[in-house]
1. Between Arg251 and His312, what is the spin-label point distance in nm, taking each point 7 Å from the Cα along the Cα→C-beta axis?
2. Looking at the range 260-406, what % of its DSSP beta bridges pair antiparallel, to the nearest 5?
3. In nm, to one decimal, how far is the Thr280 label point from the Ala216 one, both placed 7 Å along Cα→Cβ?
4. Quick one: Cα centre-to-centre distance for the range 110-148 and the range 401-456, in angstrom?
5. Counting only residues 5 or more places away or on other chains, whose amide H sits under 5 Å from the amide H of Leu68 once H atoms are built in the peptide plane?
6. Hey, what D do you get for the chain in µm²/s if you plug the Kirkwood alpha-carbon radius into Stokes-Einstein at 20 °C and 1.002 mPa s?
7. For the chain, give me the percentage of DSSP beta bridges that are antiparallel, rounded to the nearest 5 percent.
8. Based on Cα coordinates alone, diagonalise the gyration tensor for the range 101-344, multiply each eigenvalue by 5, take square roots, and list the semi-axes in whole Å, largest first.
Amino acid sequence: MTADPLAAPAPASSPVPAPPRRRTPVPGAAPEAPDARRTEDRAHIARLYREHLSSGRSVLGTVLGGMLETASEGAWVFTEDGRAYLDFGGYGVFILGHRHPHVTAAVHRQVDTHPLAGRVFLEPVAARAAEALAARTPAGLDHVHFVNSGAEATEAGLKLARAHGHTALVSTTGGYHGKTLGALSATANPKYQQPFQPLLPDSTAIPYGDPAALAAVLARLGRRACVIVEPVQGEGGVRIPPPGHLTEVSRLCRAHGAFLIVDEIQTGLGRLGSWWGVDTEDARPDVLLVGKGLSGGVVPVAAMVATAAAYHPFSRDPYLHTSTFAASPIACAAALAAVEALDREDVVGRAQALGERLLTGVRAVCGPYAGGLVHDVRGRGLLIGLECTEEQAVGELILELVGHGVLVNHSLNATRVLRLTPPAILGEDEVRLFLDALTEALRTVAARLGRTVTPH
C-alpha cells in the first residue's frame, strides 16, 4: 500500500508539507510497436464499446489512437502499452492528481473495514466528512447532503428550493449543471435539452454576467424564483464574470426573496486559486454545490451544502430525499481525506501560484497566433480556457496534444474553447513540458489550417 503522508497530523507549528514527489515520465514514450496481442486487445475493447456502451464513444476512442487507459499516478495517465500522458483534462476532477497517497490510503482502509453502510445505525465516516467539509465552506453553510455525482447535487438543490416554494428556475445561457432531467433544465443548451423536452416548467435562461437581466426576471417572478449560477462558467468556455457579479446576484436574490444556488462543482475546492469562487465576493447562497475534487480523484462523491434555514425540510424528514449509495463510507472516506489533503498541503495556495504561472505561459505561447488561430486566452487559478477562432481548430489541437503526450478537454457549451484543468501538484518540469507541447501543437495546426502567424 502507498505510504500515507498525512496519516499522523503534524503539529500546528509545522510547515506545510511538500506535495508527494513523483517521477516525471517521458510523455508518449512506449515500448516497441504494439504486438499482435495488444492490437487484438484494443480491437476487442472497441467492439465491446460498440456493442454494450456507446458506438460513438468507440469511434472517438479509435480516432484518438485506440489506446486503453489502464493506470494513473500524480499528473499522469498511462495506457496499456506503457505510454505516459500528462493530464491537463479530467474535467476538473484531479486537483490533487491521480491516486493521491492520503486519499488512496483512506479508501483502502475503508474497503478493508466497512465500504458500504446498512443505513440503519449512524455511520461515523459520513459525520466526520460532513464536519470537515462544513468547516471549509463559507459561513452559515453547515448542513451537508452527500450524493454520488454533481448532477445529483444539483437535483438535491433544486428539490430543496421547491420544498420552500421556489418553483421558478432561473439559470444562465452557457451554464452547465448536469444532464439529469432537473439539472438539464438548468443547463441551457438546446443541443442537450431539445431531445428531452418538456423539462421542468417555468424555467428561464438569462445572459451570464448580466445583473440587469436578472433584476428584470426577479421583478416578475419574486420569491418563486430559484437562481442557479456558477462563479466561473467551466463548460461554458471559462467565462469569467465582471468583479462583483456574485455580490450583485446575491443582493438581488435577497431583495426579491429568491433562493440562490451557487454551483461550485467545478470551481470549488481550490480550482480557482481560492477555496470557493464565492470567497472573493460578498455572496450569501442558500445552497453551495460541491463535487469533482471532493472525490480526491479516487471515489466519486459530491455534496449539496446548505444553510440551516434552507436545509430544514431535509433535516426534519431524512427520508424526503434519499439515495441508496449516497454518503457511503467509502465515498465519505475519500471526501474526508481529500479535504484534509487540500488543507494540509496548501493546495489552494499552490493552485493560485501555479495558475498564474500557467496563464502567463499559455498567453506567451499563443501570442504569435492571436487573431489568426487564437481568439483569447483567459483563466482563473487552474481553470484556463484557450478560445480558438474556429471550432475545427479545437479538435485539431486536442489530437496534436495527444500526439505530444498531453490530455486536455473541450468545452461542452463552448465548442471553440479548449479547457485546461491541470492538478495543483505539477512540478516545473511538467509545466515546461506542457508549454513545449502546446507550442508544437499550435505551430502544426496553424500551418495545417493556413492561419497567420505573427512573429514575436
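Any read-out appearing in this document is the output of simple, stated calculations on the displayed coordinates, not a laboratory observation. As the structure is a computational prediction, the values presented were derived from the model and not from experiment. Don't worry about glycine lacking a Cβ; one is built from the backbone with ideal geometry, like all the others, and counts go over all protein chains shown.
1. Placing both labels 7 Å along Cα→Cβ, they lie 2.8 nm apart.
2. In the range 260-406, approximately 70 percent of DSSP beta bridges are antiparallel ones.
3. Calculated label separation equals 2.8 nm.
4. 38 Å
5. Glu80, Asp81
6. On the way: Rh = 23.0 Å.
It diffuses with D of about 93 µm²/s by this estimate.
7. Details: 31 of 50 bridges.
Beta bridges within the chain, antiparallel portion: roughly 60 percent.
8. Computed over the range 101-344, the values are 30, 19, 17 Å.
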